[in-house]
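The values are calculated or read from the model by the stated rules, or taken from the named source; none is laboratory data. This is a predicted model, so every value here is computed, not measured. Ideal geometry is used to build each Cβ from the backbone, glycine not excepted, and the neighbour counts take in all protein chains shown. Keep in mind that these areas ignore ligands, DNA and RNA; they rest on the heavy atoms of the full protein, side chains included. Shrake-Rupley method; radii C 1.70, N 1.55, O 1.52, S 1.80 Å.
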Amino acid sequence: MKLIRTEDAVGHVLCHDITQIIKGVTKDAVFRKGHIVTEEDIPLLLSVGKENLYVWEKQEGMLHENEAAEILREICQGEHMHPSDVKEGKIELIADCDGVLKINGEKLRAVNALGEMMIASRHGNFPVKKGDKIAGTRVIPLVIEEEKMNRAKEVAGKEPIFQILPYEHKKVGIVTTGSEVYHGRIQDTFTPVIVDKVTEYGAEIEGHEICDDNPEMIEDAIHDLLRRGCNMILCTGGMSVDPDDRTPLAIKNVTGNVVSYGAPVLPGAMFLLAYYGGDLPVMGLPGCVMYAKRTVFDLVLPRIMAGEILTKEDLDLLGEGGLCLNCPTCTFPNCGFGKCGSR
């Protein structure tokens, strides 16, 4: 780049956008990179505070901010998203479908640590909707060393930093447990809550069984739902340490693969996650899911619906940010609940 007086810039090519900011009216470029300055442009350039201009002088080994921004975009952009137009070295990524945003946090931090470039995003492991902005990238200086952008590609590796996992179609089976519901002593108010939550992600309720606290009866109900083609089983009730609560035992007997009985989340500490056949989720939902506005189920369900096979480590990581503050006005997911960061 070469710095010259604005009055002397006629005929020169701008190497960066010139932005005009009028509070409450506009913040946009009045001249774009590549514009050839004319005599008529001079008063407007001076009115936006540009008494001097950088004009482009291409140098070996140096990249303009917009060229470098495209490299940064390539590092970040995964499937099911598209970029905005490049503007002043900045590109945003927008979701092309509903799903769960996945972020390689290690790579994100490594690129940001290089300096002179930045990537900012929303939290990973949370739902996004089609059209949502998921990340913004920017190259800080007007020109940057090509070697530095090559370094960014190196630390980022071949896989993009961001991915969106679309939701899969799930046929859900619900097993309501509890002698009080089975014998009609109280109304089942748990199942409607579950139906509302899973259908939000496009799931289909394939079957619903009501059992007392007999573990063999619960096991038979789960097996029946599996035979009917359910590929996700949700068991409600009977999840505490009360001796009459036998749902965890029934789930263990059916699956033989309990990932965790218990999660570091409040509400939701008595949550149970298991897999039948290695990949079919079977969950035991504690009573708080019925009455609390947000619980561990709201943190786990979107990821299960996107086809993730969650591990004990995934659940352990929920401890940081796993305390719901029960705010008078719930703003979830625009709050700290479940925001443990991407490891």
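Highest mean packing comes first when the peptides 59-72, 39-52, 312-325 are listed by Cβ atoms within 10 Å, giving 59-72, 312-325, 39-52. Restriction of the GluC sites (Glu not before Pro) in the stretch 195-259 to DSSP coil positions whose beta-carbon has at most 16 other beta-carbons within 10 angstrom yields 200. Each Cα pair under 8 Å and six or more residues apart adds its sequence gap; the mean of these over the residue count of the stretch 194-343 is a relative contact order of 18 percent.
I want to verify the translational diffusion coefficient of the stretch 106-170 in µm²/s; compute it with Stokes-Einstein, Rh as the Kirkwood radius over Cα pairs, at 20 °C and 1.002 mPa s. In µm²/s, the coefficient rounds to 157. Here's the picture: charge each Lys and Arg Cβ at +1 and each Asp and Glu Cβ at -1 in the chain, and of 260, 71, 1 the one pushed furthest to the positive end of that dipole is 1. Only Lys, Arg, Asp and Glu carry charge here, each on its Cβ (+1 for the first two, -1 for the last two); on that basis the chain has a dipole of about 500 debye about its Cα centre. Pairwise Cα distances in the chain exceed 24 Å in 64 percent of cases. Relative contact order, whole percent, for the chain stands at 13, derived from Cα pairs under 8 Å and 6 or more residues apart. Using the 1.4 Å probe convention, the accessible area of the chain works out to 49 Å² per residue with neighbouring protein chains retained.
Defining a contact as two alpha carbons under 8 Å apart and six or more residues distant in sequence, what relative contact order in percent does the stretch 186-270 show?
23 percent.
Across the accessible surface of the chain, with the other protein chains kept in place and a 1.4 Å probe, carbon and sulfur atoms take up 50 percent. Once the convex hull of all Cα atoms in the stretch 31-165 is built, its volume per residue stands at 121 Å³. Annotation: lysines with alpha-carbon distance below 24 angstrom to residue 33 (same-chain offsets under eight excluded): 2, 23, 50, 58, 87, 90, 148.
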